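The values are calculated or read from the model by the stated rules, or taken from the named source; none is laboratory data. For clarity, every value in this text was computed on a predicted model and none was experimentally measured. FYI the Cβ positions are ideal-geometry reconstructions off the backbone, even for glycines, and counts take in every protein chain you see. SASA here: full protein model, heavy atoms, side chains in, ligands and nucleic acids out. Shrake-Rupley method; radii C 1.70, N 1.55, O 1.52, S 1.80 Å.
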Amino acid sequence: KERASSACLIGLLSVISYAIPAEEISPEHTLISALSEGDDCTAGGTEACALRALQVKARRSSSTAGVMESSNPVLGTAVQDLIKGISYGPMPCKGKCEIHMDDFFGESAKALWGQRGRADLEVIQSLGANHIRLYGNSPESDHAAFLDEADSVGLGVVVGMSDYPYTQMRNNCMTTGFDCYEQIKGVYSMNLLKGFLTEEKTYHPALKHVIVINEPDLKLPGMAAPQKFVKGIISALDGMLDAEKEAGVTGRLVNFTATFSFGVCPACQSHGTDPALGQILELQAAMLNPQAYGYTPKNDLAAVYNSRWINSFNTAAPAKWVKQEFVDKYQHAFTSTPVVIEEYNSPGQDTGEDLAEIMKTALSSDLLLGVSFFEFQKRYDKGGTEMAFGMFGLGDYSINEFDYFGDNFHSWCLTPVETKFGAVPDSVADAYGGQRPDYAKLCAPNPSKVALNQRGFEQIASQGATSIDTFASRVVAHLGGQVQDPSQLQSLASSVGHDISYADLLGHLKDATWVTWNPSARKCVADRRTTLEVLGQAIGDACNGITAFNCSDAIPAECNGSIWSKADFIFTAFYEENGGDPLQNCYFNGSAVLADKDYVGRKCGAKCCSYTGSIPMLPTQPPTLPPIFGTAAPTEEPKSPAPSPAMAGDCSFGVQPLVQYFWDESCLPRGGAGCMADGKHMRCRYCGQQAFPDCPGPDGKVKPAVAPVVVAPAQHMADTKNCSFDQEPPAGTQYFWDTSCQGQGGVGCMADGKHMNCRFCGHDRFPPCDGSKKAVGNPDDAALDTEAPKHGSGNCSFAHEPSRGYFWDESCKARGGIGCKADGVHLECRFCGLEGTPKCPTA
């Protein structure tokens with residue numbers, strides 16, 4: 001039966017032009033699921049998963065694909081099949097500030113993303129986005145409410161693991177030899193129990209894929225040590241898989257990814273000159289052969305890679321260059337593994353045109369699933385170059401105040417970030433096929449959110465009939481009524497003046513013949529749209545007003561499973577004892593609602609709120625982190641080397657790397673090993689380690705790298721063989737057009753910062769200008785071409801024999817080079833025969 005189904009799959013694959021050849025397919029070789037709606041893999045269903053992936057790609061390729069109209073004429077109607085994400089890290093301050101916890105999808109940040117707060121999720125969805133990408137993640141926070149809210153507005157959620165267990169806590173991964181199994185298994189186990197799983201042990205429907213780690217190549221420990229950061233990734237994934245098993249996960253399984261920077265990785269074994277691709281291929285090698293990287297997994301990582309893995313990276317490069325320097329090369333390197341851009345924004349470009357261009361690239365690609373625009377809100381706390389990102393700024397109208405892990409903040413309204421090309425949210429909405437925001441409404445009291453009292457009515461009365469209609473509808477519902485004729489309510493809202501009092505409005509509504517009342521059929525329960533802070537205060541107020549029992553010892557066990565079911569029981573008891581006006585005795589500053597049996601948040605059961613309904617979960621022992629977790633790393637532990645003032649530049653790392661760095665202007669015209677160290681700025685450069693230049697001395701001078709690597713973005717390929725400098729280089733500097741740059745790169749290539757084939761020559765490390773010698777991409781290749789390398793007297797000593805070629809190269813000791821120190825022990829042991837490395841000796 002299995003052979004028959006496999007044969008059927010092979011037959012289907014063989015007639016689809018973009019599928020991998022049929023002879024390469026085996027029952028164990030399956031395509032990964034695409035991440036469009038409903039296309040995630042289910043355990044045990046790998047062949048069906050492969051079929052769905054092909055169906056999605058066929059749908060994307062079709063000229064008639066899609067059912068949702070897009071307002072973008074460039075993209076047409078197929079854009080809804082792509083991931084259209086927004087990166088979300090809404091730091092709630094307008095200047096430098098600190099927070100005690102980075103977790104903006106927990107209940108503590110509900111004032112920002114929830115309906116009663118700023119409603120960020122609704123704003124994101126209205127822009128045309130279908131995914132939201134998250135960052136910080138506290139395992140002790142419950143995330144069910146955020147996932148519920150995202151699901152209700154149609155957003156898929158991409159969550160990430162926190163940096164804390166990797167680099168910050170006392171027993172972090174770097175203290176355990178980059179074996180992250182225990183740390184990440186502990187965190188993910190708590191994530192699963194605190195919202196990622198439903199009561200049925202299935203993944204929450206809003207959860208789409210999980211980022212195992214963000215930019216490990218910049219912090220675990222850095223780009224100079226790929227064997228270490230990929231070991232950290234595969235061991236972390238192994239722990240997450242075991243966490244799933246122990247939690248008893250069933251049904252649809254989410255996909256995993258590790259998101260790399262867009263820096264180059266000279267120490268990676270292949271594609272070391274291609275941004276992000278070297279890291280991605282290094283990780284693939286580790287997933288397929290983890291023992292070669294010093295890790296023995298408990299799970300079949302190769303099978304997971306083929307069925308649940310997607311690749312991903314962050315970039316600030318423009319769309320045309322991303323296509324030329326990454327997407328096209330990626331599609332030559334991979335046949336079936338999809339890729340996502342988890343952060344995308346190129347400051348200085350026309351956001352609308354550039355975002356539409358990268359979406360167009362995704363539409364034409366078999367493997368690029370989409371992008372996540374970086375980012376939702378400007379990060380005032382970071383300052384500097386980070387202020388170039390963000391589509392919304394913070395205005396002066398405070399929607400509410402809230403407590404965020406012990407710190408008080410305002411939920412400031414959103415204002416558009418303006419560039420010379422227009423408002424950034426408008427550009428994103430146009431590219432994603434959404435609606436441009438009404439900015440005036442974003443910074444004004446909202447009739448669907450203000451308090452149901454005199455103060456709330458005063459805030460919206462002057463806005464006109466539509467706002468009064470919305471406010472009055474909420475009042476009627478809270479009083480236990482139902483408007484039978486909406487046109488009558490609209491007439492009332494149009495006829496009353498803005499100077500009418502709240503009491504007069506109540507009188508009109510209670511006397512209306514077009515409203516029916518049945519408050520006795522409803523029960524007073526907790527309003528799931530409120531925040532935990534307000535709810536806690538309301539529980540205290542209600543308990544003080546109950547005489548029938550003492551809240552400290554009379555709440556049934558069934559109602560103590562969560563703060564929500566506890567509030568259901570207390571609010572119901574309070575209202576049954578006191579009765580009267582629901583706006584007085586079943587409101588509690590917006591924490592309670594007089595709900596009927598169809599209320600979406602009601603799961604309180606017969607004992608908790610006198611309904612015959614579902615029974616809430618009994619209280620259980622709260623999940624705890626394993627013993628390996630402790631406090632944050634003590635101050636006496638070694639820190640990452642801090643760069644001297646002369647080296648500070650304008651680098652912006654999320655986490656300080658272990659490798660030193662400086663600001664090198666020479667990176668901009670010609671690139672070099674270690675340039676774009678932070679994955680964002682071309683002139684930010686690693687130094688002081690193998691393949692990188694020496695760090696600046698007291699005189700500020702820098703010794704150049706032996707084997708620099710070209711990474712400067714070529715935004716436009718030349719149609720003619722001419723360099724085009726915006727400003728001519730200094731007198732005496734020579735350059736020429738060298739076609740070998742295009743295939744191999746090399747010292748001095750991309751001299752004008754635009755064209756790869758434009759090359760400096762005739763000085764220092766550059767090739768001669770008269771063409772008398774062959775220009776080469778790797779200086780070490782020249783030596784290999786003119787003289788066969790000698791094995792020397794040493795021997796490589798691999799723990800596991802690699803599949804790549806290698807030899808003993810004495811020149812590594814003198815000048816280093818890509819592929820040196822292949823066995824991780826001997827500098828002279830060198831990989832060969834791969835892109836960026838020398839040819840293997842014939843002897």
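Using the structure shown, decide if residue 148 is more than 29 Å from residue 179 (Cβ to Cβ), open to solvent by 10 Å² or more (accessible area, probe 1.4 Å), touching a residue at least 40 places away in the same chain (Cβ under 8 Å) and charged (D, E, K, R).
Taking the combined requirement at face value, the residue satisfies it.
Please verify whether residue 421 is closer than 22 Å to residue 527 by Cβ and of a type in the set (Phe, Trp, Tyr), treating the condition exactly as stated.
No; evaluated as a whole, the condition is false for this residue.
Of all residues in segment 197-222, which are farther than 20 Å from residue 168 by Cβ, assigned to a loop (DSSP other than H, G, I, E, B) and open to solvent by less than 30 Å² (accessible area, probe 1.4 Å)?
Filtering segment 197-222 for residues farther than 20 Å from residue 168 by Cβ gives 197-209.
Now narrow it down to the ones that are assigned to a loop (DSSP other than H, G, I, E, B): 198-201, 204-206.
Scanning segment 197-222 gives 204, 206.
When segment 121-142 is examined, which residues are found to be assigned to a helix (DSSP H, G or I) and crowded, with 24+ Cβ neighbours inside 10 Å?
Once the filter is applied, which keeps residues that are assigned to a helix (DSSP H, G or I) and crowded, with 24+ Cβ neighbours inside 10 Å, segment 121-142 yields 121, 124.
Count, please, the residues in segment 382-421 that happen to be open to solvent by 40 Å² or more (accessible area, probe 1.4 Å) and either hydrophobic (A, V, I, L, M, F, W, C) or closer than 16 Å to residue 95 by Cβ (or both).
Residues that pass the stated criteria total 12.
Got at least one residue in segment 548-559 being among the acidic types (Asp, Glu) and in a helix (DSSP H, G or I)?
Yes, segment 548-559 has at least one match.
Could you list, ordered by first residue, the pairs with Cβ atoms under 9 Å in which the first is in segment 503-519 and more than 15 Å from residue 471 (Cβ to Cβ) and the second is among the hydroxyl-bearing types (Ser, Thr, Tyr), at least 6 apart or interchain?
Partner pairs satisfying both residue conditions: 514/487.
Could you tell me whether residue 163 is within 18 Å of residue 220 (Cα to Cα) and open to solvent by less than 40 Å² (accessible area, probe 1.4 Å)?
Answer is yes for this residue.
Please enumerate the residues belonging to segment 475-495 that are out of contact with any strand residue (DSSP E or B) (no Cβ under 7 Å at 6 or more places or on another chain) and surrounded by fewer than 16 Cβ atoms within 10 Å (Cβ to Cβ).
485, 486, 487, 488, 491, 494, 495
Might you check whether a residue that is basic (Lys, Arg), in contact with a helix residue (DSSP H, G or I) (Cβ under 9 Å, 6 or more places away or on another chain) and open to solvent by 30 Å² or more (accessible area, probe 1.4 Å) occurs anywhere in segment 442-449?
Scanning segment 442-449, I find at least one residue that is basic (Lys, Arg), in contact with a helix residue (DSSP H, G or I) (Cβ under 9 Å, 6 or more places away or on another chain) and open to solvent by 30 Å² or more (accessible area, probe 1.4 Å), so the answer is yes.
For (1) touching a residue at least 60 places away in the same chain (Cβ under 8 Å); (2) surrounded by fewer than 24 Cβ atoms within 10 Å (Cβ to Cβ), each residue gets a yes or a no:
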{"residue": "247", "(1), (2)": "no, yes"}
{"residue": "252", "(1), (2)": "yes, yes"}
{"residue": "259", "(1), (2)": "yes, no"}
{"residue": "264", "(1), (2)": "yes, no"}
{"residue": "271", "(1), (2)": "yes, yes"}
{"residue": "276", "(1), (2)": "no, no"}
{"residue": "279", "(1), (2)": "yes, no"}
{"residue": "282", "(1), (2)": "no, no"}
{"residue": "285", "(1), (2)": "no, yes"}
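Return the only residue of 185, 194 being assigned to a helix (DSSP H, G or I) and closer than 27 Å to residue 291 by Cα.
Every option except 185 fails the conditions.
What number of residues within segment 450-465 are touching a His at 6+ places or on another chain (Cβ under 7 Å) and crowded, with 17+ Cβ neighbours inside 10 Å?
2
Would you be able to tell me the number of residues in segment 500-526 that are open to solvent by less than 50 Å² (accessible area, probe 1.4 Å), touching a helix residue (DSSP H, G or I) at 6+ places or on another chain (Cβ under 9 Å) and at pLDDT 85 or above?
Residues in segment 500-526 being open to solvent by less than 50 Å² (accessible area, probe 1.4 Å), touching a helix residue (DSSP H, G or I) at 6+ places or on another chain (Cβ under 9 Å) and at pLDDT 85 or above: 11 in total.
Conditions: (1) open to solvent by less than 40 Å² (accessible area, probe 1.4 Å); (2) more than 27 Å from residue 475 (Cβ to Cβ); (3) touching a Gly at 6+ places or on another chain (Cβ under 8 Å). Residue 558 meets all but one. Number of the miss?
Here residue 558 meets the rest and fails (1).
Based on this model, can you work out whether residue 534 counts as in contact with a Ser or Thr (Cβ under 7 Å, 6 or more places away or on another chain), surrounded by 14 or more Cβ atoms within 10 Å (Cβ to Cβ) and assigned to a helix (DSSP H, G or I)?
Judged against the criteria, residue 534 is a match.
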